[in-house]
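The values are calculated or read from the model by the stated rules, or taken from the named source; none is laboratory data. Owing to the predicted nature of the structure, the values given are computational and were not obtained by experimental measurement. To get the accessible areas, we keep the full protein, side chains included, count just its heavy atoms, and leave off ligands, DNA and RNA. Shrake-Rupley method; radii C 1.70, N 1.55, O 1.52, S 1.80 Å.
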Amino acid sequence: LFMYLTVLACLRGEKLSEAVARIRKGFLSILKVNYCFWPLVDLTNFSFVPPAYRVLYSNIAGMIWTIYLIHRTSNTNKNKNKSKQK
């Protein structure tokens, strides 16, 4: 998660201070959701999903998690651009 946010900031061309501020702002809230999401995914996967479908279930959960990360990081970027325009 930390690497994802760091690499994303570098790819956006942000300064180091901006990247650190963005990571400090969003890391803990995303980490809390991570700690709620993945244990539930694993619990349901190993408790209820037949072995033949466990990989598929994990891949779908990973896709949902990636969509969530993209949503969280893109909303932060949009809010930043709106504040610059004012």
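Within segment 6-51, can you find the residues that are among the acidic types (Asp, Glu) and farther than 21 Å from residue 62 by Cα?
14, 18
Among the residues of segment 28-40, is there at least one that is under 18 Å from residue 74 (Cα atoms), open to solvent by 70 Å² or more (accessible area, probe 1.4 Å) and part of a helix (DSSP H, G or I)?
Looking through segment 28-40, at least one residue is under 18 Å from residue 74 (Cα atoms), open to solvent by 70 Å² or more (accessible area, probe 1.4 Å) and part of a helix (DSSP H, G or I).
Out of the residues in segment 11-27 meeting the condition of being within 16 Å of residue 74 (Cα to Cα) and not in a helix (DSSP H, G or I), tell me which one is least open to solvent (accessible area, probe 1.4 Å).
In this case the residue turns out to be 14.
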